[in-house]
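One structure below.
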Amino acid sequence: MTVVRPVLRRAGDRGWLVECAGRRPAEVARAIRAKGWASGLREVIPAADTVLVVAERGAGSKGTLGMQRLASELRALLTELSTGWATASAAAPRTVVIPVRYDGPDLGSVAERAGMASAEVARRHADAEHSVAFFGFAPGFAYLDGVPESLRLPRLSSPRERVDAGIVAIAGNQTVVYPGGTPGGWHQIGTTTARLWDVRNEPPNRLQLGDRVVFQEVAS
């Protein structure tokens, strides 16, 4: 059996792009941030299949983390991850509970395409293990891995122009709780009163990378 290993690619004068090759980018990013040498990094940014690691300005000058040393540290960490040691050394993820009314306008069509009742869609979604994989698209937009295989659908062929805050929607293997004010092409299956993004808070985002998310069904 061929073993696909993570690949490092140079990204500009201060960055390395880790192609995760089957490893979860959120897990790789959290393991990087747990390292002492991560204090010499400006950013660690996970995406769907990669992690971008950017060094501080002046990388390689006296007392700083040079690019070749950074590459060596990253390769060593990826080897640790393959043994499970680096995962164990990272802090345990938090658990965030989000109450959900499964009453979204697309719940019925999702149920029909999945060949089950709407209540079963809600049960399977709430029972699944969800976690924050990465952020993107808009401020407060968290991509949560964990939608069960039986509920995975492609995005809508025609997105809605604007989606309100608190809409819970699914597409592919991911769930999003819309922060509000963006267009959206995901299947809307529920709503929550939990506010996950508020610029008045510090930090404004209630979710963090790697958080375990529990969707708790509440009565409509």
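The values are calculated or read from the model by the stated rules, or taken from the named source; none is laboratory data. These numbers were taken from a predicted model, which means no experiment stands behind them. All Cβ positions, glycine included, derive from the backbone under ideal geometry; neighbour counts span all protein chains shown. For accessibility, only protein heavy atoms count, side chains too; no ligands or nucleic acids. Shrake-Rupley method; radii C 1.70, N 1.55, O 1.52, S 1.80 Å.
Residues whose amide H lies under 5 Å from that of F141, counting only those 5 or more places away or on a different chain, are G136; hydrogens are built 1.01 Å from N in the peptide plane. The length gained by stretching the chain between M116 and R212 to full extension, at 0.36 nm per residue less their Cα-Cα distance, is 31.9 nm. Rounded to the nearest percent, how much of the accessible area of the stretch 90-200 (1.4 Å probe, protein heavy atoms only) is carbon and sulfur? Taking all protein chains in place, the stretch 90-200 shows 50 percent carbon and sulfur surface. Mean residue ellipticity at 222 nm from the helices of the chain, using -39,500 (n - 2.57) per DSSP H segment of n ≥ 4 over the full residue count, to the nearest 500 deg cm²/dmol? It comes out at -6500 deg cm²/dmol, rounded to the nearest 500.
Mean sequence separation of contacting Cα pairs (under 8 Å, at least six apart), scaled by the length of the stretch 116-170, corresponds to a relative contact order of 27 percent. Using C-alpha pairs under 8 Å with a sequence gap of at least 6, the mean separation divided by the residue count of the chain gives a relative contact order of 20 percent. Extension gain, A38 to T83, is 14.2 nm, computed as 0.36 nm per intervening residue step minus the present C-alpha separation.
Just the protein heavy atoms count here, and of the accessible area of the stretch 1-56 at 1.4 Å, carbon and sulfur take up 50 percent. Summed over the residues of the stretch 152-199 and divided among them, the accessible surface reaches 46 Å² per residue at a probe radius of 1.4 Å. If both residues of a DSSP beta bridge must be in the stretch 72-220, then about 75% of such bridges are antiparallel. The 1.4 Å probe gives accessible areas that order W197, W37, largest first, as W197, W37.
Projection of the Cα convex hull of the chain, averaged over all directions and equal to a quarter of that hull's surface, yields 14.4 nm².
For the stretch 123-220, trypsin sites (Lys or Arg not before Pro) are listed when DSSP marks them as loop and at most 12 other Cβ atoms sit within 10 Å of their Cβ; the list is R200.
The label-point distance for L153 and M67, in a model that sets each label 7 Å from Cα toward Cβ, rounds to 4.6 nm. Residues whose amide H lies under 5 Å from that of H130, counting only those 5 or more places away or on a different chain, are V213; hydrogens are built 1.01 Å from N in the peptide plane.
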